[in-house]
1. Highest first, please rank the peptides 123-133, 330-340 by the mean number of other Cβ atoms sitting within 10 Å of their residues.
2. For the chain, what does -39500 (n - 2.57) per DSSP helix run (n ≥ 4), summed and divided by total residues, give at 222 nm, in deg cm²/dmol to the nearest 500?
3. For the chain, take the longest principal axis of its alpha carbons; what is the angle in degrees between that and the long axis of helix 107-117, to the nearest 10 within 0 to 90?
4. So what does the Cα-only Debye profile of segment 66-205 read at q = 0.13, 0.16 Å⁻¹, as log10 I(q)/I(0), no solvent term?
5. If every alpha-carbon in segment 234-350 counts as one equal scatterer, what log10 I(q)/I(0) does Debye give at q = 0.09, 0.11, 0.12, 0.16 1/Å?
6. Can you tell me the orientation of helix 163-179 relative to the chain, as the angle in degrees between its alpha-carbon axis and the longest Cα principal axis, to the nearest 10?
7. Can you pull the percent of Cα pairs in the chain with separation above 32 Å?
8. May I ask you to derive the relative contact order of segment 3-224, considering only C-alpha pairs under 8 Å and at least 6 residues apart, and to give it as an integer percent?
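Bear in mind these aren't lab numbers, they're just calculated from the coordinates by the rules spelled out. Remember, predicted model here, so these are calculated numbers, not experimental data. Here the Cβ is made from the backbone with ideal geometry for all residues, glycine too, and neighbour counts use every protein chain on show.
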Amino acid sequence: MQLELEGIGKKVGAETWLHPMNLALRSGAVTVLLGATQAGKTSLMRIMAGLDTPSQGRVLVDGKDVTGMPVRERDVSMVYQQFINYPSMTVARNIASPLLLRKAPDVDQRVRELAAKLHIEMFLERLPAELSGGQQQRVALARALAKQAPLMLLDEPLVNLDYKLREELREELTSLFASGDSTVVYATTEPGEALLLGGYTAVLDEGELLQYGPTAEVFHRPRSLRVARAFSDPPMNLLQADACEGGVRLRGGPELTLALPASAGAAQMTVGLRASALRVHGRPGDVSLPGTVELAEISGSDTYVHVHTLVGELVAQLTGVHYFELGAPITLYVSPAQAYVFDGSGQLALAPERAGGH
């Protein structure tokens with residue numbers, strides 16, 4: 001299915017929920033809608049599904065205008081944050097319902113395959129009310145996958161699951177999406193989830209579409225400060241700087257030798273450093289940023305160190321488990337080649353040729 005939004009906008013009373021935008025989804029691929037709560041992800045999905053009508057613009061499916069066509073007349077499956085299941089049917093029957101409607105072959109086998117991938121095979125004979133919220137969400141997800149609709153809309157489907165299960169299911173979903181023919185739209189607030197799912201990412205903020213493209217490209221080349229803020233976890237370190245002859249000088253700190261394009265001008269700059277680009281051991285060509293440890297937190301297999309420096313507050317993401325004494329002196333190091341530079345209007349002026357890992 002080729003889904004295209006032409007000048008889609010949504011107003012509710014005096015409030016603008018979606019600013020006019022154009023978006024052509026890649027057929028058979030995953031498109032991630034990435035943005036904070038209230039960014040407009042759900043509003044956009046409801047228009048895609050036919051649950052809402054836009055205030056302006058058109059929705060095209062395979063070139064046909066379907067704006068205003070009700071959801072029951074479209075072949076769409078949707079999973080919300082708040083799961084919806086048939087309470088009087090067993091888990092197996094819930095998952096099988098779209099397969100039975102279209103008289104698909106090997107229904108039992110398909111139900112068991114999906115249940116196994118979503119770790120609910122032991123609950124097939126139970127009713128939804130006998131399951132936890134996370135288990136019920138997985139039933140709703142299995143039913144949506146079973147439908148194999150040309151358009152599948154998933155609105156933060158893993159948000160109610162625990163961390164370990166979320167990690168496992170992301171991998172399963174990535175392979176399930178890759179093996180299917182559906183055009184998948186997946187909404188999330190988590191940059192890490194967008195990176196794991198791959199495909200394409202549309203970054204939304206306060207109802208505006210800021211950037212759309214291959215996920216890796218949007219991550220490594222955020223078009224603006226707003227995109228960089230939305231697509232960084234932990235948040236990108238943003239530091240005030242001034243253009244100088246050899247590149248930029250951090251206010252209160254060292255100069256970063258960079259070949260700025262002439263279009264960058266000589267206005268005030270903002271330098272962005274991803275947390276993963278900062279290190280505690282220097283390499284040739286690095287600049288040093290001395291400071292003191294304010295907080296060190298261990299999350300999974302990484303340690304996040306919050307450091308107070310003369311150039312500003314920095315967060316470094318260090319691989320492995322490290323221990324730091326609060327208030328202790330520390331020096332962070334970074335290669336100028338890993339710096340992002342944004343011009344005075346917040347637009348990207350320079351990005352690393354190969355940005356540091358997430």
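1. Numbers: 123-133: 14.5, 330-340: 21.0.
Per-residue mean Cβ counts within 10 Å order the peptides as 330-340, 123-133.
2. Details: 8 runs with 82 residues, N = 358.
It comes out at -7000 deg cm²/dmol, rounded to the nearest 500.
3. 20
4. Listed by q, the Debye log ratios stand at -0.55, -0.85.
5. -0.24, -0.36, -0.42, -0.71
6. Orientation of helix 163-179: about 70 degrees from the principal axis.
7. On the way: 27092 of 63903 pairs.
Considering the chain, 42 percent of its Cα-Cα pairs are separated by more than 32 Å.
8. Details: 415 pairs, mean separation 66.1, N = 222.
30 percent.
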